[in-house]
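Quick note: the coordinates plus some simple rules give every number you see, no bench work behind them. Not measured: the values here are computed from a predicted model. With ideal geometry, Cβ positions are generated from the backbone for all residues, glycine too; neighbour counts draw on all protein chains shown.
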Amino acid sequence: MVHFHRVTLEYRRTQTKALYDLNLEIRKGEFVFLVGQSGAGKSSLLNLILKRLEPTSGAVYFAGENLKALRGDRIALHRRRIGAVFQDHRLLREKNVEENLLFALRVLGVPKNEWETRVTRALRQVGIVHKKRSYPEELSVGEAQRVAIARALVGEPPVLLADEPTGNLDPANALGVLEIFKSAHARGATVLMATHSRDLVEAYPQRVVLLKAGQLVRDEREGKYSLV
Ligand SMILES: Nc1ncnc2c1ncn2[C@@H]1O[C@H](COP(=O)(O)OP(=O)(O)OP(=O)(O)O)[C@@H](O)[C@H]1O
Ligand SMILES: [Mg+2]
């Protein structure tokens with residue numbers, strides 16, 4: 001589903017090599033935890049999959065297609081196949097919770113008659129229906145994070161990328177969020193989640209990929225939380 005072939009990413013301005021000669025194959029339907037210290041390259045890797053960054057060398061393939069070849073509208077179409085949760089929530093400030101989700105559905109081209117059911121379902125999954133008329137600045141950090149997750153799920157994309165989706169949540173809410181991603185996984189989604197949380201990895205023993213200074217140094221199939 002996602003394939004990194006000898007990918008090196010250098011941020012030119014600072015000449016930082018964020019990823020170095022990275023090979024990684026993620027199959028359809030896999031759940032992968034991406035772990036590693038701050039600065040190891042996790043967010044950079046996720047941004048390459050979204051084509052928000054281009055590799056300096058090597059190639060990133062998505063569903064067999066080299067992302068380098070995508071231009072214009074096809075980049076937007078590519079991103080619609082992915083539900084992304086970023087380290088900061090990136091909700092639209094001038095829209096309330098419900099409107100943020102409706103906006104996502106409109107962009108995705110989901111038929112209007114499905115909107116209400118989808119929004120209610122996604123908000124229910126993250127336990128935030130009662131805040132649907134609130135604006136992002138009226139939410140706690142954890143609530144905003146859950147809304148961002150609802151927005152990523154609402155389009156039911158085949159691939160979910162999550163960058164520290166539980167970073168600002170208490171342990172109970174963090175496990176609740178993990179449950180949401182587990183359900184998506186059970187429904188067939190491919191999930192790649194960057195995390196610093198050993199609790200999460202322990203709670204759901206899946207594949208764990210460890211990055212260290214931009215290199216893939218461990219790849220454990222049985223979810224060894226000792227890597228976190
Ligand atoms: N826009 C940028 N310009 C220059 N260097 C960057 C940029 N973004 C990240 N870096 C550098 O690239 C390296 C990898 O950063 P990245 O954000 O991918 O790490 P991370 O594993 O996501 O860390 P964290 O756990 O703190 O989120 C770091 O050395 C960082 O300083
Ligand atoms: Mg990061």
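For residue 106 and residue 59 in one chain, what is 0.36 nm times their gap in residues minus the Cα-Cα distance, to one decimal in nm?
13.8 nm
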- Item | Share of pairwise Cα separations in the stretch 36-157, more than 17 Å, in percent | 61 percent
- Query: Once both axes come from the Cα atoms, what is the angle between helix 115-125 and the longest principal axis of the chain, in degrees from 0 to 90, rounded to 10?
  - Reply: 70 degrees
- Working from Cα positions, state the angle (0 to 90°, nearest 10) between the long axis of helix 97-108 and the longest principal axis of the chain. 60 degrees
- Along the stretch 47-56, Karplus-curve 3J(HN,Hα) (6.51, -1.76, 1.60; θ = phi - 60°) to the nearest Hz, with x for Gly and Pro, reads 5, 5, 5, 7, 6, 8, 9, 10, x, 6
- Helix-only [θ] at 222 nm, the chain, -39500 (n - 2.57) per DSSP H run of 4+, per residue, nearest 500, equals -10000 deg cm²/dmol
- Item | Separation of the residue 156 and residue 8 label points, Cα + 7 Å toward Cβ, nm | 4.4 nm
- Subtracting the Cα-Cα distance from 0.36 nm times the residue separation, let me have the gained length for residue 75 to residue 95 in nm, one decimal. 4.7 nm
- Can you give me the pair-distance distribution of the stretch 1-107, C-alpha pairs, 10 Å bins, whole percents? 12, 40, 34, 13, 0
- In order through the stretch 146-155: 3J(HN,Hα) via Karplus (6.51 cos²θ - 1.76 cosθ + 1.60), integer Hz, x for Gly, Pro: 5, 5, 4, 5, 4, 5, 5, 8, 4, x
- Query: Ranked highest first by the average count of other Cβ atoms within 10 Å around their residues, in what order do 72-79, 121-128, 172-179 fall?
  - Reply: 121-128, 172-179, 72-79
- Message: Positive end of the dipole of the stretch 26-80, charges at C-beta (+1 Lys, Arg; -1 Asp, Glu), about the Cα centre: which of 70, 57, 26 has its Cα farthest in that direction?
- Response: 70
- Message: Is there a quick way to get the dipole size of the stretch 156-228? I mean about its Cα centre, with the Cβ of Lys and Arg at +1 and of Asp and Glu at -1; what is the value in debye to the nearest 20?
- Response: 260 debye
- Query: Charges only on Cβ, +1 for Lys and Arg, -1 for Asp and Glu: so what's the dipole of the stretch 1-154 about the Cα centre, in debye to the nearest 20?
  - Reply: 260 debye
- Ratio to report: Rg/Rh of the chain, with Cα atoms as the point set and Rh obtained by the Kirkwood method; give two decimals. 0.96
- Message: Give me the dipole magnitude in Debye, nearest 20, for the stretch 103-207 about the Cα centre, with unit charges on the beta carbon: positive for Lys and Arg, negative for Asp and Glu.
- Response: 440 debye
